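Encoded as structure tokens, the structure appears first; notes follow it.
The values are calculated or read from the model by the stated rules, or taken from the named source; none is laboratory data. Because the structure is a prediction, the values reported are computed rather than measured. Here the Cβ positions follow ideal geometry from the backbone for every residue, glycine too, while neighbour counts run over all protein chains shown.
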Amino acid sequence: MLRTLPAGDLMLTLVVYDIADNRRRNKLAKFLEGQGRRVQESVFECFGTLDEMQRLHRQVLHRTHPDEDNVRFYWIPAGAMAKALTIGSDPPTPPPQAYFL
């Protein structure tokens, strides 16, 4: 069976965080591991539509303390991914458009 991904333009979202509390930081990292690819200790690459990324933002907001934590979301259009330069890792790669189940 072929399953296609949701319609809409996929975009790359970099989620970058600095959380001093070990417990909150570990819980956020575990959550983000289910949402994207960890590329550095506190940096994740996530792909989705704008609506999905805004939902991710809300979910992260509920897992953090804005008065103590620093989390940044950088939304990068699909066309800009081809211009990414990397050293020591693979460049950002969007997920496949369809999966066979």
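Key figures
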read-out: Check on G8, at pLDDT below 90, loosely packed, with under 12 Cβ neighbours inside 10 Å, at positive phi and not in a strand (DSSP E or B); value: yes
read-out: Residue in the stretch 78-85 that is closer than 29 Å to D21 by Cβ and either of a type in the set (A, V, I, L, M) or exposed (fewer than 10 other Cβ atoms within 10 Å of the Cβ) (or both) present; value: no
read-out: Selection from the stretch 11-32 of residues that are surrounded by fewer than 19 Cβ atoms within 10 Å (Cβ to Cβ), aliphatic (A, V, I, L, M) and within 16 Å of the chain's Cα centre (by Cα); value: L14, V16, A29
read-out: Any hit, the stretch 40-51, residues being in a helix (DSSP H, G or I) and not polar (S, T, N, Q); value: yes
read-out: Hits in the stretch 75-89 (condition: part of a loop (DSSP other than H, G, I, E, B) and touching a residue at least 24 places away in the same chain (Cβ under 8 Å)); value: P77, S89
read-out: Checklist (1) modelled with pLDDT of 95 or more; (2) surrounded by fewer than 10 Cβ atoms within 10 Å (Cβ to Cβ); (3) not charged (D, E, K, R) applied to P96, failing item; value: (1)
read-out: Residues of the stretch 41-56 classified as farther than 15 Å from K27 by Cα and at pLDDT 95 or above, total; value: 1
